[in-house]
Amino acid sequence: QVQLLESGGGLVQAGDSLRLSCVASGRTYSRYAMGWFRQAPGKEREFVAVISNSGDITYYSDSVEGRFAISRDNDKNTGYLQMNDLKPEDTALYYCSVALFVTTTSSAYNYWGQGTQVTVSS
């Protein structure tokens, strides 16, 4: 029902910024909370940020609090993750997904994109 396409990743230096985008297809995107997760090789998928369907509620992992900002534009069916002051430990494949409610638990998310790679060198 919902197809997601992440973009905006790349190879950057520590301290740089990136803005990830998540374009959703389908007419039900505005009903869902939208979250960002990341996964590094050999590690489990990690919660990064989530925003409610209306945009009024956001949560961030402790590791990105103050550096990342999640937002969405429902009129454009697009979610964003602004990443500032990137660190090598931010290196991962970043996924966006949607859920029926605001949660940090990946198992609650129903659809996933293919991910966009973020690599941060020191």
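Coordinate-derived values only; no laboratory data. Since we're looking at a predicted model, the values are computed, not measured. No Cβ is skipped: glycine too gets one built from the backbone with ideal geometry, and neighbour counts run over all protein chains shown.
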In Hz, Karplus ³J(HN,Hα) per residue of the range 14-30 (6.51, -1.76, 1.60; θ = phi - 60°; x = Gly, Pro): 3, x, 6, 10, 9, 10, 8, 10, 9, 9, 10, 9, x, 9, 10, 4, 5
Distant-in-sequence amide H partners of Gly115 (H built 1.01 Å from N, under 5 Å): Glu6, Cys96
Overall dimensions of the range 33-122 as given by Cα atoms, namely Rg and Dmax in Å: 12.4, 38
In the range 74-122, the chymotrypsin sites (Phe, Trp or Tyr not before Pro) that fall in loop regions by DSSP, at most 15 other Cβ within 10 Å: Phe101
In order through the range 71-78: 3J(HN,Hα) via Karplus (6.51 cos²θ - 1.76 cosθ + 1.60), integer Hz, x for Gly, Pro: 8, 8, 10, 5, 5, 9, 6, 9
Long-range tail of P(r) for the range 6-80 (Cα pairs > 15 Å, %): 59
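Run the dipole for the chain about the Cα centre, Lys and Arg Cβ at +1, Asp and Glu Cβ at -1, nothing else charged, and hand back the magnitude in debye, nearest 20.
340
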GNM result for the chain, Cα springs below 10 Å: residue of Lys87, Lys76, Lys43 fluctuating most strongly: Lys43
